[in-house]
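Chemist: The structure under discussion is supplied below as structure tokens; questions concerning it will follow.
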Amino acid sequence: MGESTNISWTNASWSPWWGCTIISPACTNCYAKAFSERVGHGKRLPTIWGPKAERRFMSDEHWKLPRRWNRKAARAGERLRVFCASMADVFEIHGEAVINERMNSARARLWALIEETPHLDWQLLTKRPENVASLIPSRWSDGWPENIWLGVTAENQEYANERIPLLIETEAAVKFVSYEPALGPIDFDPPVCQYCGELDFALGDDGATPFCPECESEMCFGAWLDPLNGGINQIIIGGESGSKRRPFDIEWVRSTIAQCRVHGVAVFVKQDAGLRPGLQGGIPDELWVHELPTSEDGDEASASILVASGQGFGVTGRFSMVQVEASGSAEVVSGALGLGLSMAASLRGGT
């Protein structure tokens, strides 16, 4: 795992340790678990998957890589997106105290590393957002580092309802959802109680107005897909790859793009379900969209050049959407929907 990655929505992948525990349907065919087994874990090397299993902690040399990337990005005047952790979940709490203490030490080292690498945008993806508040350092109570992109996996509506509200509660500069592997349709704009956060609702006497059965307040829409007010900035959607892949409905892609268009949220369509990852497969060209959130505080022309060269973006202020063209060019179109956001037209072609 390193600067060369086949994950199309990032530039590099890096993990402070290897190993995790299966906790939801998205984990069933975990590529990281399969990869660890291919290199010998569970055979000639210790098992590193499971609630009581050891974790494989990385060497000091491995920890030097992000600093090298940061220096390289600084010299080039660019940003680099780093997916952390492709081989673990940095917000996992281990059931064995000794192992968990080693993970806590690695986490503390990671938080310091993020602070020391301001030219890297750290894409922290978790299935355990309930642990975030207790695991981040207390010094972030006055504000998170602006180079953190925090994401949650939501494979279906059940886990979207469970994880997205916890994501939105955080102070991450960029918030994204990995709807991958997509295992069912998701409504990303459900009615939410603005007072108690309840998602379940009843209809009023008019048969149309939803109200909260807990506190009887009127429910509101747009709480999740609200990038200007702490909501989701990007949704990544993709089917499952491999011989055990599960069904993937192209209508889920169509619905996700439509929902994102209404609210000015970037959407990145990663792949159809297929034997190999990254395949466009049966996804029509008009849905083969690749967009990334980018800051409007900086120069938009420069931002589009950074997209074209496969680099990242600043993460302060308002966020727009930059579209990556198949040819390597990029387009930024301002002012769509009157939200002060940039909207990109549909992308045709490959990655």
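Chemist: Looking only at the stretch 224-235, count how many residues are crowded, with 23+ Cβ neighbours inside 10 Å and assigned to a loop (DSSP other than H, G, I, E, B).
Modeler: Final tally of qualifying residues: 3.
Residue-by-condition table, conditions (1) more than 16 Å from VAL192 (Cβ to Cβ); (2) in a helix (DSSP H, G or I); (3) free of Cβ contacts under 8 Å to residues at least 60 places away in the same chain:
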position	(1), (2), (3)
CYS215	no, no, yes
GLY222	no, no, yes
ILE237	yes, no, yes
ARG245	yes, no, no
GLU251	yes, yes, no
THR256	yes, yes, no
ARG261	yes, yes, no
VAL269	yes, no, yes
ILE283	yes, no, yes
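Chemist: Look at ILE48 and say whether it is closer than 23 Å to VAL152 by Cα, in contact with a strand residue (DSSP E or B) (Cβ under 8 Å, 6 or more places away or on another chain) and either modelled with pLDDT of 95 or more or surrounded by fewer than 18 Cβ atoms within 10 Å (Cβ to Cβ) (or both).
Modeler: Answer is yes for this residue.
Chemist: Name the residues in the stretch 107-133 that are in a helix (DSSP H, G or I) and within 30 Å of PHE201 (Cβ to Cβ), would you? Spell out the reasoning first.
Modeler: Taking the stretch 107-133 and keeping what is in a helix (DSSP H, G or I), we get 107-116, 129-133.
Within the stretch 107-133, PRO129, GLU130, ASN131, VAL132, ALA133 qualify.
Chemist: Sticking with this structure for a sec: Could you list, in sequence order, all residues of the stretch 21-39 that are modelled with pLDDT of 95 or more, surrounded by fewer than 18 Cβ atoms within 10 Å (Cβ to Cβ) and among the small types (Gly, Ala, Ser)?
Modeler: Listed by number, the list holds a single entry, SER24.
Chemist: Considering the stretch 49-64 alone, what residues qualify as being within 17 Å of SER105 (Cβ to Cβ) and not in a helix (DSSP H, G or I)?
Modeler: The answer is GLU54, ARG55, ARG56, PHE57, MET58, SER59.
Chemist: Show the residue pairs meeting these rules: Cβ distance below 7 Å; 6+ apart or different chains; first residue within the stretch 151-170 and touching a residue at least 40 places away in the same chain (Cβ under 8 Å) and more than 17 Å from ILE237 (Cβ to Cβ); second residue crowded, with 17+ Cβ neighbours inside 10 Å and basic (Lys, Arg).
Modeler: Pairs found: ILE168/LYS175.
Chemist: Mind counting the residues in the stretch 285-303 that are within 19 Å of PRO227 (Cα to Cα), modelled with pLDDT under 95 and part of a loop (DSSP other than H, G, I, E, B)?
Modeler: The number of residues fulfilling the criteria is 3.
Chemist: Looking only at the stretch 184-200, filter to residues that are hydrophobic (A, V, I, L, M, F, W, C) and part of a loop (DSSP other than H, G, I, E, B); which one of those is surrounded by the most Cβ atoms within 10 Å (Cβ to Cβ)?
Modeler: Across the stretch 184-200, the extreme among qualifying residues is ILE186.
One line per residue, one yes/no per condition, for (1) more than 20 Å from PRO277 (Cβ to Cβ); (2) at pLDDT 95 or above:
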position	(1), (2)
GLY19	yes, yes
ARG44	yes, no
GLU54	yes, yes
ARG81	no, yes
VAL98	yes, yes
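The values are calculated or read from the model by the stated rules, or taken from the named source; none is laboratory data. All values derive from a computational prediction rather than experimental measurement. Here Cβ is always computed from backbone atoms with ideal geometry, including for glycine, and neighbour counts include all displayed protein chains.
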